Amino acid sequence: MQTANESSEKPRSEQLRELRREADARGVSFAWPQTRAEADAELERLRGCEQSSFAERAIERRAVGRDMAERGGETRVRDSEIEGYGSSARWKAGSR
């Protein structure tokens, strides 16, 4: 059982490393915990998920990358909407 102090303390670095390892093994993401209790709960949730194989994770990463490259559509920034280059680039007046 956790004390009140443990439940409000920041997560330990070991917990965060384990969270990243468990999430990677299952090919899922997780919410970054703010407390040790949240980290423990998230670890328990991840350990309850089925692990995916390396091949499944690689296929999923390629599919997501391909989808992201093909999308853009209306949310994409177009050359006609900006002026300048690099750190001096700005929105053109009236383009937003």
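The values are calculated or read from the model by the stated rules, or taken from the named source; none is laboratory data. All values reported here derive from a predicted model rather than from experimental measurement. Backbone-built Cβ (ideal geometry, glycine too); neighbour counts: all protein chains shown.
Which of the residues belonging to segment 45-60 are in a loop (DSSP other than H, G, I, E, B) and surrounded by 10 or more Cβ atoms within 10 Å (Cβ to Cβ)? Full working, then the answer.
The first filter runs over segment 45-60 and keeps only residues in a loop (DSSP other than H, G, I, E, B), leaving 48-53.
Passing the criteria: 49, 51, 52, 53.
Kindly provide the set of residues from segment 1-31 that are within 20 Å of the chain's Cα centre (by Cα), assigned to a loop (DSSP other than H, G, I, E, B) and at pLDDT 90 or above, ordered by number.
Initial filter on segment 1-31 (within 20 Å of the chain's Cα centre (by Cα)): 10-31.
Next, only the ones that are assigned to a loop (DSSP other than H, G, I, E, B) stay: 10-12, 27-31.
If the condition is that a residue be within 20 Å of the chain's Cα centre (by Cα), assigned to a loop (DSSP other than H, G, I, E, B) and at pLDDT 90 or above, then 10, 11, 12 are the ones that fit.
Every residue, every condition in (1) at pLDDT 85 or above; (2) farther than 30 Å from residue 12 by Cα; (3) surrounded by 12 or more Cβ atoms within 10 Å (Cβ to Cβ), yes or no:
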position: 40; (1), (2), (3): yes, no, yes
position: 43; (1), (2), (3): yes, no, yes
position: 62; (1), (2), (3): yes, yes, no
position: 68; (1), (2), (3): no, yes, no
position: 71; (1), (2), (3): no, yes, no
position: 79; (1), (2), (3): no, yes, no
position: 88; (1), (2), (3): yes, yes, no
position: 93; (1), (2), (3): no, yes, no
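Within the group 81, 38, 70, which residue is among the charged types (D, E, K, R) and within 22 Å of residue 23 (Cβ to Cβ)?
The unique qualifying residue is 38.
Conditions tested, residue by residue: (1) in contact with a Lys or Arg (Cβ under 9 Å, 6 or more places away or on another chain); (2) more than 26 Å from residue 31 (Cα to Cα).
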position	(1), (2)
45	no, no
48	no, no
60	no, no
80	yes, yes
86	no, yes
93	no, yes
